[in-house]
Amino acid sequence: MLPTVAVFDLDGTITRSDSLVPFLAASIPARRLWPAIARLSPRILAYAMRVEPNWRLKEAVLTAVLGGMPVELYEYLAREFAAGRLPRMVRPAALSRLRWHQTMGHRVVIATASLEAYVRPWAVEQGVADVVGTRLEVEAGQLTGRIEGRNCYGAEKVARLEVMVADLHSSNIYVYGDSRGDRELLALARHAAYRPFRRGQPVGGSS
């Protein structure tokens, strides 16, 4: 029997919405966060018009609001968000499906463009050890705000999974996603579910 791997996107799939903005809002004083976002409004508009690449806007925002933060503070804020706010954003149907895979003995992976710093501690609380997400560059104990390597989006999700799961392409793969950032993952799957939890109903199980 083929090994089974269940891959879940986070934002909009496990959670009801994006998690990065709530994380920043919970972690950065409003007097710093919102003026920085306002200064980036032309680039946000360019992204909405598909002129500015996803990763470049994201890096600009993160550099503006997290650049210079001590890594210890960043990790603390990420853990606080993972324990407090993030659980309230989770779709019950998505968590139920994740639990089903666990009870079936499937390997569960969360693959997300969100910051791994807060996704990983939340995942560990759910019994999920395998997480691939976006990481931030650190220099001299401080965040630069730049993305370390590549934004974990689109084809990068597949590339990370290929490193993490040695037998990925010979596995029985389930993928749960909700956006164009999941297209490559969904194309890889034997069982692809696009926006499966929007109506709050669990997806039927099959092995």
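The values are calculated or read from the model by the stated rules, or taken from the named source; none is laboratory data. Predicted model only: the values in this text are computed from it and were never measured. Cβ coordinates were reconstructed from backbone atoms using ideal geometry, including for glycine residues, and neighbour counts include every protein chain displayed.
General remarks:
- Output for region 157-198, where each listed residue is out of contact with any strand residue (DSSP E or B) (no Cβ under 8 Å at 6 or more places or on another chain) and more than 25 Å from residue 16 (Cα to Cα): 159, 162, 163, 166, 167, 169, 170
- Every condition in (1) crowded, with 20+ Cβ neighbours inside 10 Å; (2) closer than 18 Å to residue 189 by Cα holds for residue 115 except the one numbered (2).
- Among the residues examined, residue 184 qualifies as at pLDDT 95 or above and surrounded by 15 or more Cβ atoms within 10 Å (Cβ to Cβ).
- Count of residues meeting criterion [touching a Pro at 6+ places or on another chain (Cβ under 7 Å) and modelled with pLDDT of 95 or more] in region 187-207: 0
- You will find that of 163, 158, the residue that is without any contact (Cβ under 8 Å) to a residue 60 or more places away in the chain, β-branched (Val, Ile, Thr) and touching a helix residue (DSSP H, G or I) at 6+ places or on another chain (Cβ under 7 Å) is 158 and no other.
- Being closer than 30 Å to residue 193 by Cα and part of a helix (DSSP H, G or I) is true of residue 22.
- Total residues in region 156-194, condition assigned to a loop (DSSP other than H, G, I, E, B) and under 10 Å from residue 9 (Cβ atoms): 2
- Residue in region 6-27 that is over 14 Å from the mean Cα position of the chain (by Cα) and free of Cβ contacts under 8 Å to residues at least 12 places away in the same chain present: yes
- When residue 55 is tested against (1) surrounded by 15 or more Cβ atoms within 10 Å (Cβ to Cβ); (2) without any contact (Cβ under 8 Å) to a residue 12 or more places away in the chain, exactly one condition is not met: (2).
- Selection of region 71-92 for residues being of a type in the set (Val, Ile, Thr) and either within 17 Å of the chain's Cα centre (by Cα) or on the phi > 0 side of the Ramachandran plot (or both) yields only 90.
- Of all the listed residues (39, 43, 79, 32), the sole one being surrounded by 14 or more Cβ atoms within 10 Å (Cβ to Cβ), free of Cβ contacts under 8 Å to residues at least 40 places away in the same chain and either touching a helix residue (DSSP H, G or I) at 6+ places or on another chain (Cβ under 8 Å) or more than 19 Å from residue 122 (Cβ to Cβ) (or both) is 43.
- Conditions (1) modelled with pLDDT of 95 or more; (2) in contact with a Leu (Cβ under 9 Å, 6 or more places away or on another chain); (3) surrounded by 17 or more Cβ atoms within 10 Å (Cβ to Cβ); (4) not charged (D, E, K, R); number of the one not met by residue 70: (3)
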